[in-house]
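Undergrad: Just dropping this structure here.
The values are calculated or read from the model by the stated rules, or taken from the named source; none is laboratory data. Since the structure is predicted, the reported quantities are computational estimates derived from the model, not experimental observations. For neighbour counting, all protein chains shown are included, and Cβ atoms are generated from backbone atoms with ideal geometry for every residue, glycine included.
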Amino acid sequence: MIKFLLGVIVALALIGGAIKFQSDEESWQLIIHKQEALYSVKNGAIRIYNIVEELISGSDAIETSTLVVED
């Protein structure tokens with residue numbers, strides 16, 4: 001479970017642009033900007049929460065529909 005959560009945090013930081021890749025002929029490196037990573041993770045978590053909230057509120061429309069069966 002912890003590995004999954006860490007993977008999600010890293011993925012959100014990558015998407016947000018907090019982790020950058022630089023390479024030259026001799027070496028390569030990953031540069032992590034701490035403030036941008038924190039901001040990216042917060043924004044990603046808020047976006048995911050909003051998406052889930054929209055999906056849950058959209059399921060309420062099913063409860064309001066009616067079914068009429070005639071003989």
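Undergrad: Taking the criterion of being of a type in the set (Lys, Arg), within 21 Å of the chain's Cα centre (by Cα), surrounded by 10 or more Cβ atoms within 10 Å (Cβ to Cβ) and at pLDDT 80 or above, would at least one residue in the stretch 30-39 satisfy it?
TA: We begin by selecting, within the stretch 30-39, every residue of a type in the set (Lys, Arg); these are 34.
In the following step, the residues that additionally are within 21 Å of the chain's Cα centre (by Cα) were identified as 34.
Next, only the ones that are surrounded by 10 or more Cβ atoms within 10 Å (Cβ to Cβ) stay: none.
There is no residue in the stretch 30-39 that is of a type in the set (Lys, Arg), within 21 Å of the chain's Cα centre (by Cα), surrounded by 10 or more Cβ atoms within 10 Å (Cβ to Cβ) and at pLDDT 80 or above.
Undergrad: In the stretch 40-67, which residue that is among the charged types (D, E, K, R) and either modelled with pLDDT under 80 or in contact with an Asp or Glu (Cβ under 6 Å, 6 or more places away or on another chain) (or both) is farthest from VAL8 (Cα to Cα)? Before you say what the answer is, go through the steps one by one.
TA: Taking the stretch 40-67 and keeping what is among the charged types (D, E, K, R), we get 42, 47, 53-54, 60, 63.
From what is left, the residues that are either modelled with pLDDT under 80 or in contact with an Asp or Glu (Cβ under 6 Å, 6 or more places away or on another chain) (or both) are 60, 63.
Values: ASP60: 29, GLU63: 33 Å.
So, considering only residues that are among the charged types (D, E, K, R) and either modelled with pLDDT under 80 or in contact with an Asp or Glu (Cβ under 6 Å, 6 or more places away or on another chain) (or both), the one farthest from VAL8 (Cα to Cα) is GLU63.
Undergrad: Only residues that are loosely packed, with under 13 Cβ neighbours inside 10 Å and in a loop (DSSP other than H, G, I, E, B): list them for the stretch 4-29, please.
TA: Within the stretch 4-29, the subset loosely packed, with under 13 Cβ neighbours inside 10 Å is 4-7, 17, 20-29.
Result: GLY17, ASP24, GLU25, GLU26, SER27.
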